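Values quoted throughout were computed directly from the atomic coordinates according to the rules given, and no laboratory measurement underlies them. Since this is a predicted model, take the numbers as computed values, not measurements. Cβ placement follows ideal geometry from the backbone for every residue including glycine, while neighbour counts extend to all protein chains displayed.
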Amino acid sequence: MLNPWLLAMRPKTLPASVSPILLGSALAFDQGLFRWSVFGLAMICALALQIAVNFANDYFDAKSGVDTEKRLGPQRATQSGLISSQRMLMALLLVCLVAFISGMGLVWLSDWVLLVLGIASLVAVFAYSGGPFPLASHGLGEITVLLFFGLLAVGGTYYAHSLHITASVLGYGVVAGLISAAIMLVNNIRDIPTDAPAGKHTLAVMLGDQLARELYKWLLVFALVMHLLVSFNLGFASFVPLLVVAPMARRLIQQSRQLQGAELNQLLARTAVLEMAYCLLASMVLLVMRWL
C-alpha cells in the first residue's frame, strides 16, 4: 500500500497542475520572455496548490461524511483512519504556506496582480470542498477547475514571465482547463452512487450518469477545436499535437461509454495523461518554432 501521505497527495492528479505551467512557460519562451526563476517558483506553487486541494478534499469530505467505506475511488487517508483529521488539517495549512511563500516570490519577480490571483487560489482550496457553500457540492467543481487549472494557471504563468497577457494565451488556458474539467467530471461520475445519498450535488449528480458522460465527450472535443483556433498562426505545426492527442481523446471517449464503477479510475488517470501529453506536445511545438 502507498504511504498514507503519498496516498493523500493523489500523485495521479499532479500532472493537472504541472502541465499548465509548462504550457504557460513555453508560450513565454516563444516570445523570448522566459525566466527560469519564474518557472521554478510557478512549479512549486502549482504543485503545492494541487496537493492542498487534495488534502482539503480528503479532510472536508471525511468531516462531512461524503467519503465512506462504500466509495469506489482510491482509499481516502482521513476517512479510513490512516491520518487523523488534526494531522491532515495541519498538513493542509503547511502546504498552503508553501504555496503562499512561492506565490509571494512570483509577486516579487513580476507584479502585485498575481497577489490577487494567489489569494483567490488559496480561498478556492478551502471553498472547493469546505465552508458554508462548498463549490464541489453545488455543481461548480468543473467550472472552478477550468478557471484555476486552465485560465489562471496558463495565463498567470505567462503573465509572471511577461507582465502582459494575450487572447491566444487565454485560449491555450481554455484548452488545458477543458481537459482538467474532464478529469474532474470523471471523478464525479464515478462517485455518483456515494455523492448523491450524501447530498453532494456535483455536476455529474445533477446531470445524471448518461448526460455527464456525454458532457465528458464534448469537453474533449471542444478542447481540440479550441487548440486549432488559438494555434492557427503556427500553420501546419498546429496539427502536430493533434496527431497524438486526437486518437487518445477518441479512445477515451469510447471508454467513457463502457467503463463502470471503479473502472473509471483508469479513465481518470488516462485523462490526466492526455492533458500532460497535450501540454508537452504544444510546448514542444512552440519551442521548435522559436528556434526555426
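Taking amide H atoms as placed 1.01 Å from N in the peptide plane, the amide H of Phe34 lies under 5 Å from those of Phe29, each 5 or more residues away in sequence or on another chain.
Along the range 37-53 the Karplus relation, 6.51 cos²θ - 1.76 cosθ + 1.60 evaluated at θ = phi - 60°, assigns HN-Hα couplings of 4, 5, 4, x, 5, 5, 4, 4, 4, 5, 5, 4, 5, 5, 5, 4, 4 Hz to successive residues, with x for each Gly and Pro. Note on the chain: GNM, Cα springs under 10 Å; of Val95, Val113, Val38, the largest mean-square fluctuation is that of Val113.
Rounded to the nearest 500, the helix-only mean residue ellipticity at 222 nm of the chain stands at -24000 deg cm²/dmol, with each DSSP H run of n ≥ 4 adding -39,500 (n - 2.57).
Couplings 3J(HN,Hα) for the range 187-195, derived from phi with the Karplus relation 6.51 cos²θ - 1.76 cosθ + 1.60 (θ = phi - 60°), are 4, 6, 5, 4, 8, 3, x, 9, 5 Hz, where x marks Gly and Pro. Near Leu203, once Lys and Arg are set to +1 and Asp and Glu to -1 for all other residues with Cβ below 14 Å from its Cβ, the sum equals -2. Geometric descriptor of the chain, per residue, is 118 Å³ (volume of the convex hull of the Cα atoms). Helix 113-129 and the long axis of the chain differ in direction by around 20°, with both axes built from C-alpha atoms. Spatial offset of the range 208-273 relative to the range 81-119 amounts to 31 Å, using the alpha carbon center of each. The packing ranking of peptides 267-276, 220-229, highest mean first, is 267-276, 220-229, where packing means the average number of other beta carbon atoms within 10 angstrom of each residue. When Ser231, Ser80, Ser238 are arranged by Cβ crowding within 10 Å, least crowded first, meaning fewest neighbours, the order is Ser80, Ser238, Ser231.
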